[in-house]
């Protein structure tokens, strides 16, 4: 069994590494991140310290100005690392919360299942992007951000496809960040679902990451995605914490 699990801050840092944003700036405990306005994790403000902050209100105003300057929606990704009073200040400014997400964690070792039908790519090729598009609505900004990720990532990563009869039927993005393996963009074509395909490609992703020193697997899953939550639970994953977005 692995040793002590990573703490909340380590998981938040792993998220920042796995979902890069080319425009970043700290203002006290708040980190502004901007890309092309696609995924919330790369286009939002997040706190990395839960300490009290007397200058929080003017910081929020400056973050709103930065978002406007970049032409993106101002979103705050709220985690247990928020400074006291952040939610109340946001609600007073007209923000409401959306998109609750669970951050899951579990030992990687029991998930490792190499699979010869899985190929590891150095970037998101058209077949990978097509499969991902069957699982979630890919607006142009999100697709453009995914295409640029290989040039921005500073940690080992792979874009996996599981093929059957020459067709890519499942996709996964996996990052090996020291002892942490992050998995994202899990998708299976609709006509191939309920056949254990998702578990197979996750097992292959675990094998890829284990070869690079990872011993823990973490994921971020929408609270409304009951199928993915059940799959992760079967693979030994448990909830560590949750986050939400505040937008107005």
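The values are calculated or read from the model by the stated rules, or taken from the named source; none is laboratory data. All of these numbers come straight from a predicted model, not from anything done at the bench. Note that we place each Cβ from the backbone using ideal geometry, even for glycine, and neighbour counts take in every protein chain shown.
Side notes on the structure shown:
- Residues that are within 15 Å of the chain's Cα centre (by Cα) and in a loop (DSSP other than H, G, I, E, B), drawn from region 225-248: 225
- Selection within region 132-168 - modelled with pLDDT of 95 or more and touching a strand residue (DSSP E or B) at 6+ places or on another chain (Cβ under 6 Å): 155, 156, 157, 158, 159, 160, 161, 162, 168
- Qualifying positions in region 1-36 - closer than 23 Å to residue 240 by Cα, touching a helix residue (DSSP H, G or I) at 6+ places or on another chain (Cβ under 8 Å) and free of Cβ contacts under 8 Å to residues at least 24 places away in the same chain: 31
- Residues of region 130-146 satisfying the condition of being surrounded by 14 or more Cβ atoms within 10 Å (Cβ to Cβ) and farther than 20 Å from residue 225 by Cβ: 130, 141, 143, 144, 145
- Selection from region 196-220 of residues that are closer than 28 Å to residue 78 by Cβ and either surrounded by fewer than 21 Cβ atoms within 10 Å (Cβ to Cβ) or modelled with pLDDT under 95 (or both): 220
- For region 43-76, the set of residues classified as farther than 13 Å from residue 29 by Cβ and either touching a residue at least 40 places away in the same chain (Cβ under 8 Å) or crowded, with 18+ Cβ neighbours inside 10 Å (or both) consists of 43, 44, 66, 67, 70, 72, 73, 74, 75, listed by residue number.
- Some residue of region 11-20 being over 23 Å from residue 104 (Cβ atoms) and either within 20 Å of the chain's Cα centre (by Cα) or outside the structural domain of residue 142 (by TED's automatic domain parsing) (or both): no
- Given (1) buried (at least 20 other Cβ atoms within 10 Å of the Cβ); (2) closer than 29 Å to residue 233 by Cα, index of the condition residue 16 fails: (1)
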